[in-house]
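Each remark here refers to the structure printed beneath this line.
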Amino acid sequence: MSQVPPEADLATQDLPSDERAMLERLRAGDAAAFEQLVRDHGGRMLSVTRRFLGSEEDAQDAVQEAFLSAFKALDRFEGQSRLGTWLHRIAVNAALMKLRTRKSRPAEHSGDELLPKFLDDGHQATPASEWRDGGLAALEKAETKELVRRSIDALPESYRIVLLLRDIEERDTDETAKLLGMTSNAVKTRLHRARQALRALLDPHLRGGL
Amino acid sequence: MLSCRELVEFLMDYCDGELPPEQREYFEKHLACCPPCVAYMKTYQQAICLGKSACKDEEQKPPKMPEELVRAIMAARQAK
Ligand SMILES: [Zn+2]
């Protein structure tokens, strides 16, 4: 972890004034400010940790751990990002930590069945067809958004985590590899499988359009 | 001629612009005469877009923070 650069105080000048005021109250140990921070950002952090962890109990634990580590690190918050962005990253880290330490869950499906099948001559066994409107018109519908989120939740954990870090959190391949203790090549292979699996889960619903 | 199986294998590299020119050419030759692979590629890319926007959308409308969790966090902070 790099030390706080001397210009850190200058950097916080870039924050909107309400966030700067909030930060001052937090650094002064104002209990009401801590509670407000938790209320303002907790829900969003919970939606992130739920995606990673699946279990509600683990997701809530991760949010709690995220806030406690954020409180400890307040002095190191440099103001180059918004408080919400900073807390979001801490929530992702807390979720990953939880994944590493929790007891492995009952054996789940490997996800292989979600990968495309090919005939012996190399052709697609079930030829793909396009989605009506590219699925985009359908996305306007709340039920499609729900379908997409449920499909992500339904991915095998090893696929889901890589897909979330790369495509949703937009971390790059090397950072994802480091966070998960994998090689970059393994991240790429798994991401490709995860995307194919997500596509396979959505396909039956979007083939004919909704 | 690239098979559909090989095309799907190299799909991510192709979409990321990471295929060397020669392989890229094979790839595009296959696409030009194989509608199912075109459909596979489009839906693969659309699945990624749908995932991104469904999750972004959720962050715009975050769930409510459970009251007990707020209490638990405040208590844990005090306990330190
Ligand atoms: Zn093909």
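Read the figures in this text as sums done on the coordinates, not as results from a lab. This one's a predicted model, so the numbers in the text were calculated from it and none came from an experiment. Neighbour counts run over all protein chains shown; Cβ positions are idealised from the backbone, glycine included.
Pairing the Cα long axis of helix A:83-101 with the longest principal axis of chain A, what angle in degrees results, from 0 to 90 and rounded to the nearest 10?
For helix A:83-101, the angle is close to 60 degrees.
For chain B, what does -39500 (n - 2.57) per DSSP helix run (n ≥ 4), summed and divided by total residues, give at 222 nm, in deg cm²/dmol to the nearest 500? Mind dumping the intermediate values first?
Working: 4 runs with 63 residues, N = 80.
Value at 222 nm, helices only, nearest 500: -26000 deg cm²/dmol.
Go ahead and estimate [θ] at 222 nm for chain A from helices alone: -39,500 (n - 2.57) per DSSP H run with n ≥ 4, summed, over the residue count, rounded to 500. Numbers along the way, then the final one.
Details: 10 runs with 130 residues, N = 210.
Helix contribution divided over all residues of chain A: -19500 deg cm²/dmol.
For chain A, how big is the tail of P(r) above 25 Å, as a whole percent of Cα pairs?
Details: 11072 of 21945 pairs.
The share of Cα pairs beyond 25 Å in chain A comes to 50 percent.
Run the quick spin-label model on B:Val70 and A:Glu56: label points 7 Å from Cα toward the beta carbon, then report their separation in nm to one decimal.
The two pseudo-label positions are separated by 1.8 nm.
How fast does the range A:112-206 diffuse by Stokes-Einstein, in µm²/s, taking the Kirkwood radius from C-alpha pairs at 4 °C and 1.567 mPa s? Each step should come with its number before you reach the end.
Working: Rh = 14.6 Å.
Approximately 89 µm²/s, per Stokes-Einstein.
How about the protein assembly as shown: what cysteines have no other cysteine beta carbon under 4.7 Å from their own?
Taking the Cβ cut-off of 4.7 Å, the unpaired cysteines of the protein assembly as shown are B:Cys4, B:Cys15, B:Cys33, B:Cys49, B:Cys55.
For the pairs A:Lys72/A:Lys103; A:Lys141/B:Lys42; A:Lys98/A:Lys178; A:Lys98/A:Lys141, note any where the Cα-Cα span goes beyond 23 Å. Intermediate values should be presented prior to the final figure.
On the way: A:Lys72/A:Lys103 27 Å; A:Lys141/B:Lys42 20 Å; A:Lys98/A:Lys178 16 Å; A:Lys98/A:Lys141 33 Å.
From A:Lys72/A:Lys103; A:Lys141/B:Lys42; A:Lys98/A:Lys178; A:Lys98/A:Lys141, over 23 Å: A:Lys72/A:Lys103; A:Lys98/A:Lys141.
List the GluC sites (Glu not before Pro) in the range A:128-197 that DSSP assigns to loop (not H, G, I, E or B) and whose Cβ has at most 14 other Cβ atoms within 10 Å. Which are they? Write out the running numbers ahead of the final one.
Values: sites: A:Glu130, A:Glu140, A:Glu143, A:Glu146, A:Glu157, A:Glu169, A:Glu170, A:Glu175; in loops: A:Glu130, A:Glu140, A:Glu169, A:Glu170.
Filter output for the range A:128-197: A:Glu140, A:Glu170.
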